[in-house]
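Accompanying notes for the structure given below.
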Amino acid sequence: MSEGDTQQPGWMSRRAFLSSGAAAGAATVALGGTARAGTAPLNDVDAMVLQVAAAGAVFPELFDTHEREPAQERLTAQRVTKARGRVSSPRAQQAERGAQRLLDHKLGGVDTQELLAKIGAIAASASKDELADLTALVAVAAATLSDRIDPEEGQLAGIWIDGLAIMHNNGATPVVGG
C-alpha cells in the first residue's frame with residue numbers, strides 16, 4: 001500500500017475514491033443524455049431521486065446490483081416509481097421532503113461531486129428530522145438501483161450520509177472520477 005492509500009478512521013482510502021470514478025461518465029450520460037421511454041423523471045422530486053441514485057451508483061465505489069443490468073441502466077423513472085411503491089406513505093413523504101431539501105439548496109442537475117459534497121454539508125448540520133428525510137431519500141434511491149435493497153430500511157443509507165458528513169466536517173471532498 002502506498003502512502004496515499006492508507007486508511008484512517010472515518011476516511012476512505014485514496015484508491016477507493018479513485019476507483020469510484022470509473023462509472024461517473026456513464027451515470028452522467030444516464031441522467032443527461034436522451035431519455036428512452038420510461039426513463040425521463042416525471043417531476044423534480046423523481047429527478048432528484050435519480051440524481052442521488054446515480055451518485056450512489058459510483059460513490060464511494062462502483063455499485064454492483066447483482067442483477068441483470070448494470071446500476072447505471074437502472075436509473076429510470078419506472079425504477080423510481082417501483083422503489084417508491086415499496087415504501088409506506090410516511091416513508092415516501094420523508095423521501096420527498098429529503099429530495100425537496102436538496103432541490104431547495106439548488107442541487108438539481110449539479111455534477112455528482114458537487115452533489116456529494118453538498119449532501120455532506122447539509123447532513124453535517126441537519127436536525128434529526130432532516131437526517132431522517134435525507135436517509136429516506138437515499139434508501140429510495142438505493143432501492144431504485146437494486147430490488148434487493150429494502151427502501152424502508154435506513155441503516156446503509158444512514159452510513160452513506162454519515163460518511164459524507166464526516167468528510168465535510170474533516171475538510172475532505174468526495175472525489176468522483178479523480
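Straight-line cross-link reach from residue 118 at under 22 Å between alpha-carbon atoms covers these lysines, not counting any fewer than eight positions away in the same chain: 106, 128.
Rolling a 1.4 Å probe across all protein chains gives residue 44 an accessible area of roughly 110 Å². Solvent-accessible surface of protein heavy atoms, probed at 1.4 angstrom with all chains present, puts 89, 146, 127 in the order 89, 127, 146, largest first. Measuring only protein heavy atoms, the 1.4 Å probe finds residue 130 accessible over about 60 Å².
The values are calculated or read from the model by the stated rules, or taken from the named source; none is laboratory data. From a predicted model like this one, the values you see are computed outputs, not experimental measurements. The area values use the complete protein model at the heavy-atom level, side chains included, leaving out ligands, DNA and RNA. Shrake-Rupley method; radii C 1.70, N 1.55, O 1.52, S 1.80 Å.
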